[in-house]
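Values in this text are rule-based calculations from the coordinates and carry no lab data. A quick note: this is a predicted structure, and the numbers were derived from the prediction, not measured. Quick reminder, even Gly has a Cβ in these numbers, built from the backbone with ideal geometry, and neighbours come from all protein chains shown.
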Amino acid sequence: MRHNTIYCGDSIELLKSWSAGCVDLVFADPPFNIGYVYDKYHDDRPDEEYVGWSRQWMAACRRVLKADGSFYIAIGAEFVADLRIIGRELGLHLRNWIIWRYTFGQNMRNKFCRAHTHILYFTQDPQRFTFNDRLLRFPSARHTEYQDLRAHPLGRVPDDVWDEFPRVCGTFKERAGFHGCQMPAALLQRIILASSNPGEIVLDPFVGSGTTVVAAKRVGRKYVGVDLSPDYAKHTEERLAGVADESAARPGAGAWPALHEDMLLQLYRETKVALHNLLPNEVALRVIAASLSERTGHGYEVADVRAEFARLAALAPSPMPKLPNDTPFAARHHATTEGKRYDRKVQRYRGRGKPAASGQGELSLRQVV
């Protein structure tokens, strides 16, 4: 296996020829077996045949995965349960069953509209694996609405329901255009940052539109992609030729690196708070600056974040994403120097049928944080 390479061929056969334990992270977005039209693959197999084929490629991926490696699979509702069971049979450990919920889902007439994809997150070992939580954190409601200084200064880790990543529709600037099923780059960046480290190898056995390898290259990981289609492989290599490793990029002459700007906009999506409510919130901006510094490796301050937000908002058209709650709300008191003070009553639990001992019962506690 050569890293930073796109292979054209059958991933099962190719992976069999590679050394065991040579890959740090696998992300697979296989055909869903729903009749989609691909260049070389027929996406309409009998159920048992599709499940058997899935077992083969999952076993091949597991063999090349390192002992502390992670394995993510994006799959539709029709076969997600089958792939979860296969993962258990292969000795993989399920960490999360993630739901990627998106807008612009497929419209239906005779059933509920499809608006999500399943992402199974497995690890080889239940205890030893990479999970870089500091590269994932973002401001929670404790910061954005309550300015609660007791909350974690880097924010919170995302839930297992992801709604911060819109589908890459045909009119989006991100759309590559040669493949109908293109994942958002920001979603792949989250997975790659979470479950790999700089210089490690990321494998996509169904490279398709090339988003996985493009995201891996941008954040300083090595990549390997495989696809049956010579056309998809060629277009992926063309996409990669226009992408630089920005993991060591730093601001200069008043301009931010494109990757840092993209990460700031992603943090904005994750807060789910409109800009006119966010800018006066010193506590939330501190968290954004700290989280952005962790993700980029460059020390950003609140003033940097506030100025860049203002610059992006002033552009025409502005790259600031539209948020579901882009409406003003009543501003709260923006505490910036001390935590909130409050009185709290602590109720001591007494087992049923047991008499209260002297001094037990309800306690009034003055707690200052």
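Length gained on full extension, ASN110 to ASP43, computed as 0.36 nm times the residue gap minus the Cα-Cα distance: 21.9 nm. Take the Cα of GLN56, step 7 Å toward its Cβ, do the same at ASN4, and the gap between the two points is 3.3 nm. For region 40-198, the equivalent ellipsoid derived from the Cα gyration tensor has semi-axes of 29, 24, 15 Å, listed largest first. Against the compact-protein benchmark of 2.2 N^0.38 Å, the Cα-based radius of gyration of the chain scales to 1.14. Taking every Cα-Cα distance in region 79-129 and sorting them into 5 Å bins from zero, the calculated P(r) comes out as 5, 18, 21, 17, 14, 10, 8, 5, 1, 0 percent.
Report the semi-axes of the equivalent ellipsoid for region 38-118 in whole Å, largest first, where each axis is √(5λ) for an eigenvalue λ of the Cα gyration tensor.
Working: eigenvalues 130, 60, 27 Å².
For region 38-118, the semi-axes come out at 25, 17, 12 Å.
Scoring 77-90, 139-152 by mean Cβ neighbours within 10 Å over their residues and listing the highest first yields 139-152, 77-90.
Given contacts defined as C-alpha pairs under 8 Å and at least six residues apart, what's the relative contact order of the chain, whole-number percent? Spell out each step's value before the answer.
Working: 643 pairs, mean separation 64.4, N = 369.
Dividing the mean separation by the residue count of the chain yields 17 percent.
Take the Cα of PHE131, step 7 Å toward its Cβ, do the same at ASP245, and the gap between the two points is 2.9 nm.
Between the residues SER11, TYR102, PRO280, the greatest Cα displacement towards the positive end of the dipole of the chain, with unit charges on the Cβ of Lys, Arg, Asp and Glu, is found for PRO280. The value given for region 5-51 is a Kirkwood hydrodynamic radius of 13.0 Å, derived from the mean inverse Cα-Cα separation.
Ordered by the number of other Cβ atoms lying within 10 Å of each residue's own Cβ, fewest first, ARG190, ARG128 fall into the sequence ARG128, ARG190.
In the chain, helical runs assigned H by DSSP with n ≥ 4 each contribute -39500 (n - 2.57); averaged across all residues and rounded to the nearest 500, the mean residue ellipticity at 222 nm is -9500 deg cm²/dmol.
Principal axis extents of the Cα atoms in region 1-85, from largest to smallest and rounded to whole angstrom, are 33, 28, 17.
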